[in-house]
1. For residue 234, what charge total do you get from the other residues with a beta carbon under 10 Å from its beta carbon, if Lys and Arg give +1 and Asp and Glu give -1?
2. What do the square roots of 5 times the Cα gyration tensor eigenvalues come to for region 245-361, in whole Å, largest first, as semi-axes of the equivalent ellipsoid?
3. With contacts defined as alpha carbon pairs under 8 Å and 6 or more residues apart, what's the relative contact order of the chain in percent?
4. So for region 257-342, averaging the separation of alpha carbon pairs under 8 Å that are six or more residues apart and normalising by length, what relative contact order in percent results?
5. Keeping the other protein chains in place, figure out the carbon and sulfur percent of the accessible area of region 196-335, with a 1.4 Å probe.
6. Using amide H atoms built 1.01 Å from N in the peptide plane, name the residues 5+ places from residue 96, or on other chains, whose amide H lies under 5 Å from its own.
7. Could you give me the ³J(HN,Hα) list for region 414-423, computed from phi with Karplus coefficients 6.51, -1.76, 1.60 and θ = phi - 60°, whole Hz, x at Gly and Pro?
8. Compute the helix-to-body angle for 11-26: its Cα long axis versus the longest principal axis of the chain, expressed 0 to 90° and rounded to tens.
Amino acid sequence: MIIKIVTLGCKVNQCESASIVSALRSNNYNASEGLDPADVYILNTCSVTAEADKKSRQYVTKMIKLNPLCHIIVVGCSSQNKPEQFNKNNVFSVGGTSHKVDFVLNSLKLLFKNNYNTLSGRIVFDENIDKIEQERVYCCENYPVSDKTRAFIKIQDGCNRFCTYCIIPYLRGRNRSRPISDIVEECKLIDSREIVITGIDMSSYGADIDTNLTALICALRGFSARKRLGSLECEIIDDRILSAMKESDFCPHFHLSLQSGSDVVLRSMNRRYTCDLFLSKVELIRKYYPMAAITTDIIVGFPTETDSLFDSSIDFIKQCSFSDIHVFPYSSRAGTLAARKYKTLPPDIVKSRVDRLLAVKRCLHKDFLLKNLGAVQPVYVEDPEGEYNVGYTPNYIKVYSKAACGEIVDLKLTELYSDGVIGV
């Protein structure tokens, strides 16, 4: 029996899918990731936007096309949010965001108990799908066995912030941190040349277990693998964490979620900083790392965003000189405060603003690449792409080169190419 796992959404989902693969292999199942022909599919869903929910449902259809007799197990944020949307042909069981490994293993046992010979009957829904709020401590999972060149390490789950637009705290529960000792033990088992530290709200790491992200960074000092942090909130940036990153040889790459460059919009989003504070953190990073990559997320078309406030946001984004921007049109999520309180903006206005910001994104990204031309940087060459192999510098510049995959190679960045640069 062949089992394939398909993952949508964030890096945390990628970590959890890797844990599922590891657990299945430990139980002698033939399991791997990817959308290929299989007998059983595990769909790890995302619900951060309405589009993510739609994609999650569409993957059920794709799986059935690959094998009309397949059985599908669904887990993740989208099924936690609306489990009934997956009451479809071929779907055998539907779980949520917690205890994914146990749910998948139990579903497979039940599938075999039913002799694996029918698609009829009632779908099995996880009895704990409405009990996410009861979880108050981190649930340790199987250490994932990474088949990839870059390994993702999940350090916490959940979020206490409750931004008005975000459904994730309702689906993932409150902040729950993983002990530093357990994270260190997983890192000892990793063969990958690069590890990425990730979580739902990494900036809150340790608040529930009397530690913090700076302490974790210091604990990872002895590992030789290249180390990179996932998404951060700007408030966590200070001299202590930046010094710890320097001493522990973390990559100069910071993803600081801004969401809007307008204080008015930030307040209505329940974001806990001002533009002035955010900019001061950007400037502090560049004091330690002058050529750091500073990337961000921007939500365009939040209901309180007027034309003039959007213009101000564009000006502030330019002032920050981000190296890249993830641009998202606002997606109203049922159950959030913003969905209850505000009327959405007309789609044509939102699209026009998205197009404007995408143009700014392209200019800022090009400017960042140009500033780095001529430099010699260690590039982790990972995958073939067309006539070149591609990899990334510590400050997350995509480099196209003829260097061999699987190695970290010093390359000179010579010219712009595609979405990155040529390295020789």
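1. +1
2. After scaling each eigenvalue by five and taking roots: 28, 15, 13 Å.
3. Averaging sequence separation for qualifying contacts and normalising by length gives 10 percent for the chain.
4. That works out to 37 percent.
5. 49 percent
6. Those qualifying (amide H under 5 Å, at least 5 residues apart or on another chain) are 76.
7. My calculation for region 414-423 gives 9, 7, 5, 7, 6, 9, x, 9, 8, x Hz in order.
8. Helix 11-26 sits roughly 40 degrees off the main axis of the chain.
The values are calculated or read from the model by the stated rules, or taken from the named source; none is laboratory data. It should be emphasised that the depicted structure is a prediction, and the values quoted were computed from it without experimental measurement. All Cβ positions, glycine included, derive from the backbone under ideal geometry; neighbour counts span all protein chains shown. Please note that ligands, DNA and RNA were not included when accessible areas were found on the heavy atoms of the full protein model with its side chains. Shrake-Rupley method; radii C 1.70, N 1.55, O 1.52, S 1.80 Å.
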